[in-house]
Amino acid sequence: MNKALMTYLIWPVVKFLVAFVIVQLIVVAMTWIERRLLGFMQARLGPNRVGPWGLFQGIADPVKLLLKEDILPSSAEKIAYFLGPMLPLIPAFVVFTLIPYGPPPTFTVTRVNVGLLLILALTSTAVYGIILGGWASNNKYSLMGGLRSAAQMVSYEVPFGLSIVGVLMICGSLDLVTIVRYQELNAWNFLPQIVACFIFFVSMNAENNRTPFDLPEAESELVAGFHTEYSGMKFAFFMLAEYSMMIVNSCLIVTLFFGGWTLAMFDIGLTTSVLRGMGLFGGVLGALIFFAKVMVFMLVYVWFRATFPRFRFDQLMDLGWKWLIPLALANIFVTGVFILAGQERLMYWIGLGTIGLTLFYLFKPRRAVQPAAPQKVVHAS
């Protein structure tokens, strides 16, 4: 067989299909994990009827959705109505060809020197499906959800992108593999870019329309928001796109700020070279490290859903435009000053100090509240 065909077509397609299957298995597992964790956090039972501990719930849900009637509203814009669920799904799947899951080249589907730029370009198109689905349904609640989505996702795309600029200034590349290699030789980027990491984390929650940023599908206000008129597999496509984008954003934050597939800083630990030296076992170990980090952030999504109440829409906009965007611009300015002064390592200590102060504030011993003394009751004689 032609070597070029094998190198540039067949082998990348095989790697993409393997990664795609793994991601879809994570999506199926997360539907069960999320509901069980929500039940645990809210002092109730999660799914426990289908299979032992409800483990087959991930199979029962798609079967139910396949068997449900596929309703088409009589006054809907039919072409746009059918395109709505597809548009968020396609970029979510394509992006997985650009994310490195382990030591290259075996665990990297496609290495592009502008990979991060391509990912941002692809993921930003997901909003069109939600807007189109909300408008094409010809339903006022769906339209409100679509309008909210347009305002929210466009607003949070700005701090989402600006938060990455500091990382690019430090690493000097848009190549995700190069960014990971930089972190294993220095420190993980969440230390020098602690502010950018926080902004990215908040923005990725808002980008996914997850609690507390789930205004486009607020069931207490808009029935179900942009997907009110969707049923069956069309509804499933919206949910599949949401979970796939959650995985994409978790992969991005792990790659950009938490060392990717490595467990190393300052060239000490499980670096890419050490993992390559272990052969296939090292590659699999690196991929497992990567997916373990990704699952931590997937579980944080669930934790947030169980903990925080939904924002009001004006609060949502204020947070994005009045706080996150100015903070991201300030972070770029400060990063540039440190780089020009040749003091990049000083940012590590600032990051460590910020984390230390935050942990101290969160876990400092609280003064016990003394119960009020019972008041003496005087009876009238």
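Here, each number is a calculation from the coordinates, and none is a lab measurement. Remember, predicted model here, so these are calculated numbers, not experimental data. Backbone-built Cβ (ideal geometry, glycine too); neighbour counts: all protein chains shown.
Report the one residue of P326, V180, P85 whose Cα lies farthest in the direction of the positive end of the charge dipole of the chain (charges on C-beta: Lys and Arg +1, Asp and Glu -1; origin at the Cα centre). Positive-most Cα among the choices belongs to V180. Fully extending the segment from L346 to R366, taken as 0.36 nm per residue of separation minus the present Cα-Cα distance, adds 4.0 nm.
For segment 68-359, the dipole from Cβ point charges (+1 on Lys and Arg, -1 on Asp and Glu) about the Cα centre works out to 300 debye, to the nearest 20.
Packing around the peptides 242-248, 33-39, 5-11, taken as the average count of other Cβ atoms within 10 Å per residue, puts them in this order, highest first: 242-248, 33-39, 5-11.
Protection proxy ranking, highest mean first, for peptides 68-77, 287-296, 264-273: 287-296, 264-273, 68-77, where packing is the per-residue count of other beta-carbon atoms within 10 Å, averaged.
Suppose R0 equals 22 Å. What FRET efficiency, 1/(1 + (r/R0)^6) with r the Cβ-Cβ distance, do R49 and F20 give to the nearest 0.05? The calculated FRET efficiency here is 0.15. One chain, two ends: I59 and L299. Fully extended at 0.36 nm per residue, the span grows by 84.3 nm beyond their Cα-Cα distance.
Here K68 is the anchor, and the aspartates and glutamates within straight C-alpha reach of less than 19 Å, apart from those fewer than 8 places off in the same chain, are E229. Calculated [222 nm] ellipticity per residue, helices only, for the chain: -21000 deg cm²/dmol; basis is -39500 (n - 2.57) per DSSP H run with n ≥ 4, divided by all residues, nearest 500. Between F313, A60, G166, the Cα set farthest toward the positive side of the dipole of the chain (charges on each charged residue's Cβ, about the Cα centre) is that of A60.
Per residue, the average separation of C-alpha pairs within less than 8 Å and at least 6 apart gives segment 259-326 a relative contact order of 22 percent. Sequence-distant contacts, meaning Cα pairs under 8 Å at least 6 residues apart, place the relative contact order of the chain at 21 percent. For Cα Rg over 2.2 N^0.38 Å, computed directly from the structure shown, the correct entry in (1) 1.39; (2) 1.12; (3) 0.94 is (2).
Most tightly packed first, judged by the mean number of other beta-carbon atoms within 10 Å of their residues, the peptides 48-55, 332-339 read 332-339, 48-55.
When we measure straight from the Cα of K15, which lysines land under 30 angstrom away, once same-chain ones fewer than 8 places off are left out? The reachable lysines, counting only those whose Cα sits under 30 Å from K15, are K3, K234, K293.
Per the Kirkwood formula applied to alpha carbons, segment 128-194 shows a radius of gyration over Rh ratio, Rg over Rh, of 1.27.
Of the residues P104, Y230, A264, the one whose Cα sits farthest toward the positive end of the charge dipole of the chain, with +1 on the Cβ of Lys and Arg and -1 on the Cβ of Asp and Glu, is A264.
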